[in-house]
Amino acid sequence: MALPPTTIVTLSLLLLLPILSSSIVEEAFSEELLLKPLPDRKILTHFHFQTEAPISDDSFARHHHLFPKSIAQLVKKFHIKAMELSFTQGRWNYERWGGFDPISSQNAKPPGVELWAVFDVPPHQVDAYWKNLTHSLSGLFCASINFLESSSSYSAPKWASQSALGSLRYGTLPREAVCTENLTPWLKLLPCRDKAGLSALMDRPSIYRSFYHSQRLHLTTSKAPADGLDSGIILEQTLTVVLQPNIQRAGISYPDEIKIQPSWSLSSIFGRKINGRCVLAKSSNVYLQFERGLVTQLENIQKNTVAYDSNDTGTEVLRRNLCFELSITPDRVHRELEKSSSLLYEYSIKGYNDTEQFDLGLIWKYPVVWSSPHAPLYASRFLTGSGNERGSIAISLKSTELTKDFIAANNVEEKCKLQVNVLQIVPWYIKVYYHTLQILVDEKPHAVTDFVEKMGVSPSEDKVSPGLMELVLRFPCEIKSAVLNIEFDKGFLHIDEYPPDANQGFDIPSAIISFPDFHAALQFLNNSISNSPMLSKLQEKSPVLSYTEVLLVPLTTPDFSMPYNVITITCTVFALYFGSLLNVLRRRVGEEERLLKNKDANKAAILRRILDKFWGRSSESTQPQQPSSSSSSSSSSSFINPKLFLKVLLVAGIAVIWQYYLK
Amino acid sequence: MAEISNSPPPEPKLTEQNSQTQITESFTSQFDSKTMRKTKPGVKRLIMTLTVVISFILGFPLLMKSIEIYRAPLPFDRIESFSSKIESSPLLFPCRFRAIFVGFNFRVSNNELEEVIRRKMIDLSPGDSRCGCDGDYSVSAVVDLEEVNAVEVGGKLRENNEEADELVKRLVNVYGEEKVYSVVVVNGEEEVKAVVGKYRHAWIVGKVSEEDAVFHVAEIFAKVFVNGRSEDGVIRNEFMPVGADGRIVLSFSLLNADPRDWIYDWDFSEIDETLLQPVIEALKPVADVTVESQVLYHTPKSSFSYWDDEHGSHIFSTQDLPFFVNSNEWHLDTSVAAGGRSKVLQLVVYIPSAKECPLQLELPNGEISKTNGFISPMWGGVVVWNPQSCIKDFESKGPVRHKISPQDLHKVFEVLMGQLRQLLGLKSDDIYVGESGTSILLGSERGFTEWELDALSRKHFCFNLLSCATTLGSLSRLVQSLPRMIIMDEIGKQVKFSLEAANSAQTNATIGIYDASAVSSRHSRSLAEDAFFHPSIMSISYYSFEHCFAIYSPFFLPVTMHILLAAVREWKRYKQENRKYLTWKAKAKTTP
C-alpha cells in the first residue's frame, strides 16, 4: 500500500499499457474460447480472437493478408492509438458472476454501446477526428454510433490515463439495441468469419437468448521492445456470453437434483459442435476454467470422501473424479501458482475435422456450491427523490468478503486505506450540483474532505457538453458501506431535442468504479502460456473495475402539439379582440337608439327580441304591438339568416379554392 | 368602450331636434325620414374601415417578407443555357495531324494532298460525333524530307518495332510540337507493314501506291487516333468509372475459395511498385488512382460449374457469369480510406477450391477463354487463377501455405490491366484491322499509350461536362419544384463555381489545352455533385405552405372576415345614405 502521495491513477477502463511483447513482424491471427461454469448454474463462454499487423512499413492500410482492411484504414485515417468499442446487452451480475477476475474487469461492459478512443493528433484536432470516427464506425457496424458525434454525448476524462491526456474521448449510448446486424460486421473482420473454427459455434439464437452478451473490439498499438516505437497494431475481438445450459438429464428428478450444477456440452449450449479450426489461425484452443472457489470446494469434497492422493495428478483423475466428468481428456492442465489456485484445462482443436468433431461436455455428479471472487466493494447506483423537478443520484458501495481478507492481509500496516476511483458522466439536462456531494460512511455522514482525496469536475454546459465528475476516494479498510449522494435538477429540453419516445425517460450512463490497488490477474507458469494471446491477456495486471447500473430519469415531457395549440388560441383571442374593436369603432349608437325608439318604445326591446328568437313565437301573446314587433323580428331574423348563409358560403368557397389550390 | 357609448347620446337628440324644427318649419308634408335625409352622410367610419383594409393589404407583403425562407439565388437561366448548349453542340477539341511521306513522288501540291486526306477522314469519321476531335481536321502533309534516306529508314523501321518507335519519335520531333498526331509513310519494295506506336505517331513501310498510302494514313488518323479505336463516338452515361471527386480506388482482392484445401498469398507490394505505379502515373490526367489489396478466405463462387472431360477441367459458362460474384460471401467492402464519392473498382483474383479445380471459362463459341476472366462494367473484373496442380495434399494435416510465384502473378496482372483498360473503355487487342489493311498496335509498359490517353481524356472531359450539366439541371428542377425549400448560400456558390469551371474547361478545350480542361471539367463535375448532395438540402427540408397556412389561418381568417364585411357594409350604407340625401336635395330643389 505504499502509494506515491499524488497518485494520478490510471482508471483502468483504458488498458493502455502498451504490450511490450516481441515486436510484430507479420500478420497473425489466433482464436481461443474460454468456458467457465458460474456459481448460479450458468456458464460463461468467452471467445477471444486476436489479429496483429505490423504498422511500420508503408503497406499498412493498403495491403493486407489477414488483418481486416477496413480496420487498418480506420487506424490510419483517424490516427488511432488505441480504441475500444463494445456492444452489450444485459448486465453483468457482479454479485453472482464475480467481479475480481480478468474477465469481469475487462469484458463486463455497460449495456448498449461504449466507445473510447485515443488519437495520435494535436489536441485541437481530437474532436474532429472523434466525430469522423463515430460516423465511420456506425457505418461499419450498422449501429447508431454516430449519435456520439454531438459534443453533448461524449467527454474527455482527465485522469483516465496520463499518457493520453487530452487525446482521449469517451462516450456511451446506453439505449442502443444490440443484435445480429452488429455481430455480422464484427465477424466479417475475422479471416474465417463464422465459416470455420471457433466462431462457427456462434449460433445467433443461442447468443441472443443469453442472459448477457457483450461483443468487443479492442485496438492497441504495441511497442517494439528495442526502440519503443510503434511496431504493430493488435486487434482483439472478444465475445462474452453468459448462458443457461439446458438441463440435459431427463427422467426422475432427485431431491438433490436441483443442487447439482446442470451438465452441459458445447452442442447443448450452442446447438453446434466445432468442426475443426480456422486454418489461418496460429493457435486455436479451447479452455475450461474452474475458478478458485470451485477448485477449493472440489478438493474439500475429494478429501472428505476418499483419501485424496495429492501425488496422483494424472490426466485420468483430472478428467474423471468424484464430482464431475469431462467428455474429452484435456491436452494440458494449467494450475495457478498461488495457494488457492484455479485450474485451466487446455484443449487444442488442431486435430479435429468434419468427421471427428469437438464437443466438450461436463457432467456434474455431486452438488457443489461455491461463490465467485468479488471486487473489494460492491457498487450500485440508484436515484432518490420524486417528481419532475429534482432528485439525487446515490452510489452505494458495500463491502464484500474480500475486503475482510484485505484487512487481514494488511493488518500489519498501521493505517490501511482502500482507494476507489469513481468516474461519473451525466448528460447536460441532468443539472448536477457538485457542491451537494455528501458521503455517508457506515451510515454516518462525514465531511467530504475526509475521504475525497481528489475531485475533478467539469460542469455540464447546456446543449454543449455533459458533466463529468472524477473522484479519487480513500476509505479505511474496515468500512462496511459508503454512500455518495449528489443532487440534481432536471432541465428542460427544446422541443426538437426530445427523442421519439420521450416518455420512456432518459438514461444516465453507467458510472465506472475502479480499484487501482487491486489487480485481477491469473498467475500461471510462464512457459505454459507463451503462445496464447488470451492467457497472456488474463495474466496482464489490470485494475479491478466495475460498472454501475444505467439510471433512467423521467423528465417532464411537453405536450408536443402545444406550440400549435398556443398559436391557435392566441390567434383566436387576437382575432376576437380585433373584430370587436372594429365593430365598436364603426358603431352608430345614436342611430341604433333612434331606430329602436321608432320600432319599439319599450326599453327592453332588444332583450325581448333575443328572447323571441329563443322561444320563437311563444311570447307573441304578451306583446302589445304585435304587427310591428313580429314584422321587425321576422325581418331581423330574415336579415340574419342570409348573412349566416353568406358566411357559410364564404367559408365553403374558401375551402373549395383551397382544395383546388392543393391539387 | 364606455367612453364611446357614453359620449354620442347627446348628438342624436340634437339632430332629432334639428330635424324636428326643420320639419315643423317648412317640409312637414314632403319629408319622409325613411327615404330622405337632409345632411350629407358622414365618411368618418367609411374612411376608418377603408384605412384598416388598406393597411391590411399593405401589410400583407411585409408579412410574406417576414415569413420568407432563405433561398440563395441560383442562376437558373445560366444552368438552362449551359445544359442546352451541352446537349445541342458537341464538345470538340482541335486536333492536328501531320502526314510525312518519304520516297513518294506526288503529282499534286501539298495543299491538295492535305485536302484529300482531310476529306477521306471526314468520310471515315462516324457521322455526328458528340465528343472528340473537331470535325474540321487540320492536316498538314510533308513530302520527302531531304535529310531522310527512304531505303535506310525503311530498313530500320522494319527491324524492331520498339526501336523504330523511338526512331520515328525523333524523326517527328524535328517538327517541334509533340501534340500533333503523325504518320510517317516510307516507300519501299517489301510488303506493307503498318505500326501504331505508343506515342502519338504511326508508320507505314513498304510498297504502297500513292492513293493507298493516302487512304491508309487517313484511316489511321480517323479510326485510331481520333476515336481511340472505340466504335462509337457516343458517350454513354456509365462510360467512366471515375468517382465524382475524380478518384478511382483499385481494390485488389485475392479470394481463396476454401482455405482448407490450400492457401495462396501474394506479394502485392512488389506488384504495386513494379506494375501498378506506372499505370497510376499514366492515368494521372484522367483520374487520381489509389491502390489497396486484401486477401479473403472462405469465399466460394455462387454459380455452378461442371466437369468437362474434353478440356479436362471444370467449366463455367458465360451464362453463369451474373451469378459468379457471390455478394453474400465476398465481403469485398468499399474502402474506408477512399471516402467521399470516389469510385471503387474491384479487381478480384479467384482461386478455386480443390473440388472445382481447374476452373475454366467457356466462351459462347465453345472455346476456353484465354484470360479466364471477365469484367462487369462499373464494378470491376474477376480473374480465375488455377493453382499448378489441383491435387490436394491429403498427407499433411492442415493446408499448405503457398505464395503465387512472381511469373504467375505477372500474368494475372496483365489480364487485370487489360480488364482495367476495358473498364475505362479501351480495347485490349494488339491489332487493328481496317479497310485498308491491318495495323500493329504497340503496347506501352505503362499500360496506356499516349494517343489512348488523349482519347481517354477527351472522353473523360465530355463525360464530366455532360454529367455536370445533368446534375445541375436536376438540381435546378428540384429547387424550382420545391418553392419553399431552404437553399444555403454555399449551394449557390458551388453552382456558380461549377458553371465557371465548366466554362473554363470549354474554353481550354477549344484552345486545345488538354490537361487544364480535364482538371477544370473534373472540378465542375465534383462541384455540381457537391451542390446536389449538400447535406442542407436533405435536412429540415422545407417549410411547407400547408404549415404556414395552418399557423396563420386562426388569426387571419376571422380578422379578414370582419374587416371585409365591415368595409362592404360601410360602403353600402354610405351609398344608401347618400342616395337619401340626394333625393332630399332633389326634393328640396323642386319644392321651393
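DSSP bridge analysis restricted to the range B:247-423 gives an antiparallel fraction near 20%, rounded to the nearest 5. Straight-distance candidates among the lysines for linking to B:Lys179, with alpha-carbon spacing under 16 Å and chain neighbours fewer than 8 residues away dropped: B:Lys169, B:Lys198. Could you compute the FRET efficiency for B:Thr590 and A:Lys643, with r as their C-beta to C-beta distance and R0 at 56 Å, rounded to 0.05? Here the calculated transfer efficiency is 0.90. The mean count of C-beta atoms from other chains within 10 Å of the C-beta of residues in A:578-590, rounded to a whole number, is 6. Taking a virtual spin label 7 Å from the Cα of A:Lys303 along the C-beta vector, which residues in the range A:321-354 bring their backbone nitrogen under 16 Å of it? Only A:339-342 pass the distance filter. Near B:Ser342: Cβ cut-off under 14 Å, other residues only, Lys/Arg at +1 and Asp/Glu at -1. The net charge is 0.
Under Stokes-Einstein, with the Kirkwood radius over Cα pairs as Rh, the value for the range A:31-373 at 4 °C and 1.567 mPa s is 59 µm²/s. Applying Stokes-Einstein at 25 °C and 0.890 mPa s to the Kirkwood radius of the range B:247-423, computed over alpha-carbon pairs, gives a translational diffusion coefficient of 145 µm² s⁻¹. Counting charges near A:Ala281 (Lys, Arg +1; Asp, Glu -1) among other residues having Cβ under 13 Å from its Cβ returns a value of +3. Each principal axis of the Cα cloud of the range A:94-219 was taken in turn, and the coordinate range along them, longest first, works out to 45, 35, 26 Å.
Stretching the chain fully between A:Glu540 and A:Val584 yields a gain of 7.0 nm (0.36 nm per residue, less the alpha carbon separation). Put simply, the amide H of B:Gly188, placed in the peptide plane, has neighbours under 5 Å in B:Gly206, B:Lys207, B:Val208, leaving out anything fewer than 5 places away on its chain.
For the range B:28-72, list residues with backbone N below 19 Å from a point placed 7 Å from the Cα of B:Arg579 toward its Cβ? From the range B:28-72, the list is B:31-43, B:46. With a simple spin-label model that places each label point 7 Å from the Cα along the Cα-to-Cβ direction, the separation between B:Phe545 and B:Ser33 comes to 5.4 nm.
Mean per-residue shielding of peptide A:277-288 is 2, counting Cβ atoms of other chains within 10 Å of each Cβ. The calculated FRET efficiency for A:Leu595 paired with A:Tyr661, based on their beta-carbon distance and R0 = 56 Å, is about 0.85. Each of B:Leu283, B:Leu347 has some number of other Cβ atoms within 10 Å of its Cβ, and from fewest to most they run B:Leu283, B:Leu347.
Note on B:Asp309 and A:Leu165: their simple-model spin labels are 8.1 nm apart, each label 7 Å out from Cα toward Cβ. Counting every other Cβ atom within 10 Å of each residue's Cβ, A:Ile567, B:Ile431, B:Ile69 order from fewest to most as B:Ile431, B:Ile69, A:Ile567. Taken over the alpha carbons of the range B:242-310 as equal point scatterers, the Debye sum produces base-10 log I(q)/I(0) values at 0.14, 0.18, 0.25 Å⁻¹ of -0.64, -0.83, -1.07. Ordered by the number of other Cβ atoms lying within 10 Å of each residue's own Cβ, fewest first, A:Trp364, B:Trp262, B:Trp571 fall into the sequence B:Trp571, A:Trp364, B:Trp262.
Packing around the peptides B:189-200, B:79-90, taken as the average count of other Cβ atoms within 10 Å per residue, puts them in this order, highest first: B:189-200, B:79-90. Model label points for B:Gln277 and B:Glu414, set 7 angstrom from Cα along the Cα-to-Cβ axis, are 2.2 nm apart. Pairs of C-alpha atoms in the range B:489-592 farther apart than 23 Å represent 66 percent of all such pairs. Computed from the C-beta positions of B:Thr510 and B:Ile368 and an R0 of 56 Å, the FRET efficiency is 0.70 to the nearest 0.05. The mean of 1/r over all distinct Cα pairs in the range A:377-518, once inverted, gives the Kirkwood hydrodynamic radius of 16.5 Å.
Only the coordinates and a few stated rules stand behind these numbers; no lab work does. If you're wondering where the values come from, they're calculated on a predicted model, not measured in any experiment. When we count neighbours, we look across all protein chains shown, and the Cβ atoms used for this are built from the backbone with ideal geometry, even at glycine.
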